[in-house]
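Peer 1: To start, I am sharing the structure in question, which I have written as structure tokens.
The values are calculated or read from the model by the stated rules, or taken from the named source; none is laboratory data. Please read these numbers as outputs of a predicted model, since none were measured by experiment. Ideal geometry is used to build each Cβ from the backbone, glycine not excepted, and the neighbour counts take in all protein chains shown.
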Amino acid sequence: MSLDKNFLNNLKLAEISDFDGIELIPLGSEGVDDEKLGKLTDELPILPIRNVILFPGMVIPITVGRQKSVRLVKKAYKGNRTIGVITQANPNKEEPVGEDLYKVGTVAHIIKMIVLPGGNTTIIVQGRKRFEVENYIKTEPNLIAKVKYLEDNLPAKLNKENKALIQSLREMATRILFLNPEIPREAQIALDNIESPSFLIHFLSANVNAELAEKQQLLETINGLEQARKLLELMMTDIDLLEIKREIQSKASSDIDQQQRDYYLRQQIKVLQEELGVDSPEAELDKIRAKGANKKWSKEISDHFQKELAKLQRTNSMSAEYPMLMNYVELLVDLPWNEITKDNFDLKKAQKVLDSDHFGLEKVKERIIEYLAVLKMKGNMKAPILCLYGPPGVGKTSLGKSVAKALGRKYVRMALGGLHDESEIRGHRKTYIGAMPGKLIQNIKKAGSANPVFILDEIDKVGSDHRGDPSSALLEVLDPEQNNAFMDNYLEVEYDLSKVLFIATANSLDSIHPALRDRMEIIDISGYTMEEKVQIAKKHLVPKQKEEHGLENKTLNITDAALQKLIEGYTRESGVRKLEQQVGKLIRKVTKSIAMQEEYPKVIKPEEVVKLLGQEYFDKDLYETNDTAGVVTGLAWTPVGGDILFIESILNRGKGGVTLSGQLGDVMKESAMAALSYLRAHAEEYDIDYRIFDYYNLHIHVPAGAVPKDGPSAGITMTTSIASALTQRKVKPNLAMTGEVTLRGKVLPVGGIKEKILAAKRAGIQEIILCHKNRKDIEEITPSYISDLTFHYVDMVDEVLKIALMEEKVSKPINFIFPEDKREAILN
């Protein structure tokens, strides 16, 4: 009977008894079907073999030469074809007995028996399962042993660690196949077809390059995971030996000419790239060239691109300069030079978009619509540089998204807070290691459009150090007359930024470079009134928080009164950021109740707000009582919105000294001295005893003492405070004021009026004194929002004192005591 030619060619002989001849043939089997092969008994005929270990599931040919063995296999082949195969511990013993064999062997099923020319008999066997010999029953005519069968101990489901162990075995086997050219490549196919972890372990155990005793130890290891770990150690040792052998062979080989070597390596890289689907350098250059052909750039830029591309083509792809040049030409083709998005000129639709996204902010919306109108009529214009200036949380940054949405443009945001390196704006020279273009060019590239809406966030928080001044670098960017030829250090060619609509945001104008501020159109975004905040919460904040907390489909309403309670009792700000946090906190409480299947209020009223959030953080009525002389409520502006402050004046006996406290700046100190000088000069008008200035010390304090304060808006407040202390008259209750004063008693206008009015409303103020010239600021506020406030417009200090000071004295006025005038006594 003949065998398949390929099968015979793959045989690798090893000694069996007194003959050589076994080979391990992986057939991809996942195991042996015991039901088909018959039931195993506890007594087995034993076939001794040498120099090889049979593992379960493996199929190997065995050439049998000893007469005992021949008779055994012929008898078994005619019967149930089942024998026990055990390897000799002493391979030199010609007639082995039980002591010469290992204790653990493998039950084998004889698949085929072949009588070869010359009288040799070859059997093909397949391992079924392992067994352990308890004792030998017979030695003639062949060995028969009483055995105990050993089951494979491998978990049916492997955890991550065990899966990683099996995967390591596969990888080590692949590595061995790669390092050992003597192993046929078909072995990789056999390895890839093995799915069963148990069979994979046996297959690799049978084929690993190890000593016979080490392989027998693998066979005797019943725990499958432990067997796999020992097998992995043997395979790693084999890999180390193969790598050393490969290195020695490589060093011993003759030198190849450098050019031939480079050519050979390039060809290898090319083949590998084709196999991996990676483009070769030539293919990449062709793609870049094709992109460049479709770009809408000027002849100057096109010539520069072709020059850089030719330089890249001449450069060896293995040199260090190649990736730098490749990155540069890729930037050139990826930048949108003249690719612009089409603007939406439907002004009514744009107005709807702005109104739906933001409540209020009428001046900003009007400016955007004006920009669109001019663009629609002219078809082209230099984009203005807008700067949205106002306290935090009023929607400056989010407004940029709405502008982009209204215009139909791409949206880009660049955070400038903490930026202190000029190269972040202008980029680095591309000759430097790790050079990159500036963030402006990077963001334009990311947008994919030459006319995006570009938000320069927190432009007032740009820093500077020894690496340069980013504010100065921004001068060219934000100058409509210059930014059509912006030069990035990395790009090295001019880039047109004039189509970009830059919108900067800032909390304070004082820290912005004066030249930079001059280039921008400042749009003041004041804080929101109570009514505006309620509408913003209803239309935007509550729906947004409900969606973020998974309650968009739940019935949950927050009344206007509850929102007003939130605003007055739990927030104190010009914007709505803290309000959004409190709304989120309120909805989280409700979400928790729904998740725990508890009762929850479907309509949240003011009393539910207190139950859910606890007692209010702030008192509405913050103004001081009017029964204390010298205490007046002033209005102040801060970078985070308006606020109220109290100015306190007190008199004590002394020598006419003046003390100022509360960390006052130079401007406020000068206001205090001007107010005092004015009152000295007009003491008789206000019924002030002039001797008080000589015999009583005046102390002016502005709490809180730990907070620095300065600004030109406390003049009339300080004047009123000093006048109240000097006359001991009450200050009108629920009254606040803001304005500067001169030595002539003239009241000057001040800024930040809307923020100050909002602060006054939050504090429960009912009457406000302002300079007559500030009337225009009040008229810009929606009348319904300030209907509960009374405004007094004044031009002179005497008007302020008539309104602010009551005729009634405080309940415990100072009893002024002056020393006797000695000069008059002598004359008398």
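Peer 1: Of everything in the range 59-68, what is assigned to a helix (DSSP H, G or I) and at pLDDT 85 or above? Give them in sequence order. Steps first, answer last, please.
Peer 2: Initially, the range 59-68 is screened for residues assigned to a helix (DSSP H, G or I), giving 67-68.
Selection gives nothing.
Peer 1: Take Asp460 and decide whether it is more than 22 Å from the chain's Cα centre (by Cα) and at pLDDT 80 or above.
Peer 2: yes
Peer 1: Related question: Let me spell it out: the conditions are (1) surrounded by fewer than 17 Cβ atoms within 10 Å (Cβ to Cβ); (2) in contact (Cβ under 8 Å) with a residue 60 or more places away in the chain; (3) touching an Asp or Glu at 6+ places or on another chain (Cβ under 8 Å); (4) under 21 Å from Glu648 (Cβ atoms), and Leu735 meets all of them except one. Which number is the exception?
Peer 2: (1)
Peer 1: Let me ask you something else. I'm told Gln766 meets every condition in (1) closer than 17 Å to Glu531 by Cα; (2) modelled with pLDDT under 85 except one. Can you identify the failing condition by its number?
Peer 2: So the condition that Gln766 fails would be (2).
Peer 1: Which number in (1) on the phi < 0 side of the Ramachandran plot; (2) crowded, with 16+ Cβ neighbours inside 10 Å; (3) under 53 Å from the mean Cα position of the chain (by Cα) marks the one condition that Ile692 misses?
Peer 2: Of the numbered conditions (1) on the phi < 0 side of the Ramachandran plot; (2) crowded, with 16+ Cβ neighbours inside 10 Å; (3) under 53 Å from the mean Cα position of the chain (by Cα), the odd one out for Ile692 is (3).
Peer 1: Please give the helices (runs of 4 or more DSSP H) falling wholly within the range 508-569 in which 1 or more residues are modelled with pLDDT of 80 or more and within 16 Å of Thr591 (Cα to Cα).
Peer 2: 542-548
Peer 1: Let me ask another. Which residue, of Glu99, Glu94, Glu171, is surrounded by fewer than 19 Cβ atoms within 10 Å (Cβ to Cβ), without any contact (Cβ under 8 Å) to a residue 12 or more places away in the chain and either in a loop (DSSP other than H, G, I, E, B) or outside the structural domain of Leu200 (by TED's automatic domain parsing) (or both)?
Peer 2: Of Glu99, Glu94, Glu171, the one residue that is surrounded by fewer than 19 Cβ atoms within 10 Å (Cβ to Cβ), without any contact (Cβ under 8 Å) to a residue 12 or more places away in the chain and either in a loop (DSSP other than H, G, I, E, B) or outside the structural domain of Leu200 (by TED's automatic domain parsing) (or both) is Glu99.
Peer 1: Considering only residues that are within 55 Å of the chain's Cα centre (by Cα) and part of a helix (DSSP H, G or I), which ones fall in the range 767-799?
Peer 2: Of everything in the range 767-799, those that are within 55 Å of the chain's Cα centre (by Cα) and part of a helix (DSSP H, G or I) turn out to be His772, Lys773, Asn774, Arg775, Lys776, Asp777, Ile778, Glu779, Pro783, Ser784, Tyr785, Ile786.
Peer 1: When you go through (1) of a type in the set (D, E, K, R); (2) more than 26 Å from Asp510 (Cβ to Cβ); (3) out of contact with any Leu (no Cβ under 6 Å at 6 or more places or on another chain); (4) outside the structural domain of Lys461 (by TED's automatic domain parsing) one by one for Lys405, which number turns out not to apply?
Peer 2: (4)
Peer 1: Still on this structure, please answer the following. Quick one: Glu366 ticks every box in (1) buried (at least 18 other Cβ atoms within 10 Å of the Cβ); (2) within 30 Å of Glu573 (Cβ to Cβ); (3) out of contact with any Leu (no Cβ under 9 Å at 6 or more places or on another chain) bar one, so which box is it?
Peer 2: (1)
Peer 1: Could you check the range 591-616 and list, in sequence order, the residues that are out of contact with any Gly (no Cβ under 9 Å at 6 or more places or on another chain) and assigned to a loop (DSSP other than H, G, I, E, B)?
Peer 2: The answer is Met596, Gln597, Glu598, Glu599, Tyr600, Pro601, Lys602, Lys605, Gly614.
Peer 1: Go through (1) closer than 26 Å to Leu679 by Cα; (2) at pLDDT below 90; (3) in contact with a Phe, Trp or Tyr (Cβ under 9 Å, 6 or more places away or on another chain); (4) buried (at least 19 other Cβ atoms within 10 Å of the Cβ) and name the single condition Pro819 misses.
Peer 2: (4)
Peer 1: Return the residues of the range 381-428 that are polar (S, T, N, Q) and surrounded by fewer than 23 Cβ atoms within 10 Å (Cβ to Cβ); say none if nothing qualifies. Please lay out each step first, then the result.
Peer 2: As a first pass, look at the range 381-428 and keep what is polar (S, T, N, Q): 397-398, 402, 423.
Those that are polar (S, T, N, Q) and surrounded by fewer than 23 Cβ atoms within 10 Å (Cβ to Cβ): Thr397, Ser398, Ser423.
Peer 1: Assess whether Glu233 counts as being more than 50 Å from the chain's Cα centre (by Cα) and modelled with pLDDT of 85 or more.
Peer 2: For Glu233, the condition - more than 50 Å from the chain's Cα centre (by Cα) and modelled with pLDDT of 85 or more - is not met.
Peer 1: Oh, and also: Go through (1) under 30 Å from Asp346 (Cα atoms); (2) in a loop (DSSP other than H, G, I, E, B); (3) within 23 Å of the chain's Cα centre (by Cα) for Pro480 and report which single condition fails.
Peer 2: (3)
Peer 1: Also, I was wondering about something else. What number of residues within the range 617-648 satisfy the criterion of being on the phi > 0 side of the Ramachandran plot, at pLDDT 85 or above and either assigned to a strand (DSSP E or B) or touching a Leu at 6+ places or on another chain (Cβ under 7 Å) (or both)?
Peer 2: Adding up the residues that qualify gives 0.
Peer 1: Against the definition (charged (D, E, K, R), within 19 Å of Gly118 (Cα to Cα) and surrounded by fewer than 16 Cβ atoms within 10 Å (Cβ to Cβ)), how does Arg71 come out, yes or no?
Peer 2: Details: charged (D, E, K, R): yes; within 19 Å of Gly118 (Cα to Cα): yes; surrounded by fewer than 16 Cβ atoms within 10 Å (Cβ to Cβ): yes.
The answer is yes for Arg71.
Peer 1: Would you check which residues across the range 471-507 are at pLDDT 85 or above and either in contact with a Cys (Cβ under 7 Å, 6 or more places away or on another chain) or hydroxyl-bearing (Ser, Thr, Tyr) (or both) and list them?
Peer 2: Tyr490, Tyr495, Ala504, Thr505, Ala506 - these are the residues of the range 471-507 that are at pLDDT 85 or above and either in contact with a Cys (Cβ under 7 Å, 6 or more places away or on another chain) or hydroxyl-bearing (Ser, Thr, Tyr) (or both).
Peer 1: Tell me which of these Thr742 doesn't satisfy, since it passes every other one: (1) over 27 Å from Val810 (Cβ atoms); (2) free of Cβ contacts under 8 Å to residues at least 60 places away in the same chain.
Peer 2: (2)
Peer 1: Determine whether Ile688 is β-branched (Val, Ile, Thr), at pLDDT 85 or above and in a strand (DSSP E or B).
Peer 2: Against the criterion (β-branched (Val, Ile, Thr), at pLDDT 85 or above and in a strand (DSSP E or B)), Ile688 does not qualify.
Peer 1: If you don't mind, another one. Just one of Glu132, Glu195, Glu140 is closer than 30 Å to Glu95 by Cα and part of a loop (DSSP other than H, G, I, E, B); which is it?
Peer 2: Among Glu132, Glu195, Glu140, only Glu140 is closer than 30 Å to Glu95 by Cα and part of a loop (DSSP other than H, G, I, E, B).
Peer 1: In the range 102-116, what residues are assigned to a loop (DSSP other than H, G, I, E, B) and in contact (Cβ under 8 Å) with a residue 60 or more places away in the chain?
Peer 2: Selection gives Tyr102, Lys103.
Peer 1: Is it true that some residue in the range 489-508 is farther than 25 Å from Pro336 by Cα and surrounded by fewer than 16 Cβ atoms within 10 Å (Cβ to Cβ)?
Peer 2: Among the residues of the range 489-508, at least one is farther than 25 Å from Pro336 by Cα and surrounded by fewer than 16 Cβ atoms within 10 Å (Cβ to Cβ), which makes the answer yes.
Peer 1: Among Ile441, Ile455, which is part of a helix (DSSP H, G or I) and at pLDDT 85 or above? Walk me through how you get there before you give the answer.
Peer 2: Working: Ile455 fails: part of a helix (DSSP H, G or I).
The conditions single out Ile441.
Peer 1: Return only the number of the condition from (1) surrounded by fewer than 21 Cβ atoms within 10 Å (Cβ to Cβ); (2) polar (S, T, N, Q); (3) part of a helix (DSSP H, G or I) that Ser471 does not satisfy.
Peer 2: (1)
Peer 1: Just checking, which of Ala190, Ala164 is over 30 Å from Arg66 (Cβ atoms) and either without any contact (Cβ under 8 Å) to a residue 12 or more places away in the chain or touching a strand residue (DSSP E or B) at 6+ places or on another chain (Cβ under 8 Å) (or both)? Lay out the reasoning, then the answer.
Peer 2: Numbers: Ala190 fails: either without any contact (Cβ under 8 Å) to a residue 12 or more places away in the chain or touching a strand residue (DSSP E or B) at 6+ places or on another chain (Cβ under 8 Å) (or both).
Answer to the selection: Ala164.
Peer 1: Only residues in the range 784-801 that are assigned by TED's automatic domain parsing to the domain that holds Asn774 and at pLDDT 90 or above count as the first member; pair them with residues that are in a helix (DSSP H, G or I) and surrounded by 18 or more Cβ atoms within 10 Å (Cβ to Cβ), Cβ under 6 angstrom, at least 6 apart or cross-chain, and list the lot.
Peer 2: Val794/Val800; Val797/Thr719; Val800/Ile716; Leu801/Ala723
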